[in-house]
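Asker: Structure provided below as structure tokens; questions to follow.
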Amino acid sequence: MKLVGGYEKESNGIEINFQLENMLNNSVSLTFPSGQQYEIYIVNDGGEEVYRYSEDRFFTMAMMMKQLEPGERLSWKEVWNYTNKAGQKLTNGQYKVYVELKAMADDPGIVSRSNLQLTLELNI
């Protein structure tokens with residue numbers, strides 16, 4: 001299992017794209033414990049968190065299950081509109097985007113915390 005991703009600059013913000021790919025020769029059963037399948041948070045070059053995807057959002061409490069076949073990918077995308085937690089537009093600078101999937105596998109050795117995390121560096 002491997003989490004990969006990138007971003008595209010757009011006029012209204014940064015589109016963050018990421019995919020989980022099953023690189024194994026067998027299928028993997030994934031369980032998401034709630035409707036929140038991932039978390040995204042962004043920190044500035046001073047280490048201050050300026051954005052968190054889940055802040056002020058509500059998610060279903062229903063578990064979701066997904067069977068991922070060999071070579072199959074799950075894909076997600078979100079747009080960050082350059083605003084901080086106070087709703088202010090941020091100025092130019094360097095930021096780190098952290099993506100963490102909230103999935104668990106039937107076999108804990110297949111899906112670990114390290115292969116469910118992604119870090120991207122960006123300049124705006």
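The numbers here are math on the coordinates, done by the rules we state, and not lab data. Nothing here was measured: the structure is a model prediction, and the numbers come from that model. Counting neighbours? That spans all protein chains shown, and the Cβs are built from the backbone with ideal geometry, glycine included.
Asker: Less than 12 Å Cβ to Cβ from Leu122, Lys/Arg counted +1 and Asp/Glu -1: what total charge do the surrounding residues give?
Answerer: Local charge sum for Leu122: -2.
Asker: Now for a separate question. Could you compute the FRET efficiency for Arg57 and Asn123, with r as their C-beta to C-beta distance and R0 at 35 Å, rounded to 0.05?
Answerer: According to the calculation, E is roughly 0.85.
Asker: Considering the options Ala86, Tyr7, Ser27, tell which one lies farthest towards the positive end of the dipole of the stretch 2-123, charges being +1 on Lys and Arg and -1 on Asp and Glu at the Cβ, about the Cα centre.
Answerer: Projecting each Cα onto the dipole axis, the largest value belongs to Ala86.
Asker: Can you give the longest run of the chain that contains no chymotrypsin sites (Phe, Trp or Tyr not before Pro) sitting in a DSSP loop with at most 14 other Cβ atoms inside 10 Å?
Answerer: So the longest stretch without any such site is 60-124.
Asker: Something else: What aspartates and glutamates could a cross-link reach from Lys66, if we take a straight Cα to Cα line under 16 Å and drop same-chain neighbours fewer than 8 places away?
Answerer: In chain and number order, the partners are Glu21, Asp106, Asp107.
Asker: For the chain, set up a Gaussian network in which alpha carbons nearer than 10 Å are linked by springs, and say which option among Asp106, Asp45, Asp56 fluctuates the most.
Answerer: Among Asp106, Asp45, Asp56, the largest GNM mean-square fluctuation belongs to Asp56.
Asker: In nm, give the distance between the simple-model label positions of Tyr98 and Glu21, each being 7 Å from the Cα along the Cα-to-Cβ direction.
Answerer: If labels sit at Tyr98 and Glu21, their model points lie 2.5 nm apart.
Asker: Quick one: Kirkwood hydrodynamic radius for the stretch 9-113, alpha-carbon pairs, angstrom, one decimal?
Answerer: Kirkwood radius, the stretch 9-113: 15.5 Å.
Asker: Identify which of Glu48, Glu72, Glu21 has the largest mean-square fluctuation in a Gaussian network model of the chain, with springs joining Cα atoms closer than 10 Å.
Answerer: Sorting by GNM fluctuation, first place goes to Glu48.
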